[in-house]
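Engineer: Mind having a look at this structure? Questions to follow.
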């Protein structure tokens, strides 16, 4: 009889536990339960495209104050003009010419410039082979659209072109950091000499 009472008590406890578990799982399915760090799910800040009552014009995304520079931004001191291009002739590559910089420059060149300029710098990239765009001039033998030979472009002039773009080539300032631009310049200098 004692064994029967223990079995009955265990059975009753199991039935009670199962009932509680079933009933608690049937509550509102939309509830997420407890949240850890709810500010990660419900942002406090305004989104850039939201109206914002804190500013007179009601916009969240404000134009930065004049003269400010974003964190980590390196300003190229030569403007995007023909005079700026000619003045950039004086700019010198600040990076040390070593295997690491040259290898990274080649990697960036192949990824960013190679589709148009070709891996060897002769203007035979994949985009050109499609036949929809004219071939850019060869670094070793071509003429620059700004006058002179491509092989005579200085470090600063190549950097200026990467920074601002030219003709069908857009700016690569948002794709390549200043250091990567100088590394690409280092590799283009090799292509000007017919090395790759």
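Engineer: How many residues are surrounded by 15 or more Cβ atoms within 10 Å (Cβ to Cβ) and either in contact with a helix residue (DSSP H, G or I) (Cβ under 7 Å, 6 or more places away or on another chain) or part of a loop (DSSP other than H, G, I, E, B) (or both) when one looks only at segment 170-185?
Structural biologist: 9
Residue-by-condition table, conditions (1) closer than 30 Å to residue 155 by Cα; (2) modelled with pLDDT under 85; (3) surrounded by fewer than 10 Cβ atoms within 10 Å (Cβ to Cβ):
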{"residue": "17", "(1), (2), (3)": "no, yes, no"}
{"residue": "33", "(1), (2), (3)": "no, yes, yes"}
{"residue": "63", "(1), (2), (3)": "no, no, yes"}
{"residue": "68", "(1), (2), (3)": "yes, no, yes"}
{"residue": "76", "(1), (2), (3)": "yes, no, no"}
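Engineer: Shifting gears a bit: Of all the residues that make up segment 119-169, how many are assigned to a helix (DSSP H, G or I) and surrounded by 16 or more Cβ atoms within 10 Å (Cβ to Cβ)?
Structural biologist: Residues meeting the conditions: 14.
Engineer: Suppose the filter is in a helix (DSSP H, G or I), without any contact (Cβ under 8 Å) to a residue 60 or more places away in the chain, surrounded by 14 or more Cβ atoms within 10 Å (Cβ to Cβ) and touching a helix residue (DSSP H, G or I) at 6+ places or on another chain (Cβ under 8 Å); does residue 106 pass it?
Structural biologist: So residue 106 does not fit the description; no.
The values are calculated or read from the model by the stated rules, or taken from the named source; none is laboratory data. All values derive from a computational prediction rather than experimental measurement. All Cβ positions, glycine included, derive from the backbone under ideal geometry; neighbour counts span all protein chains shown.
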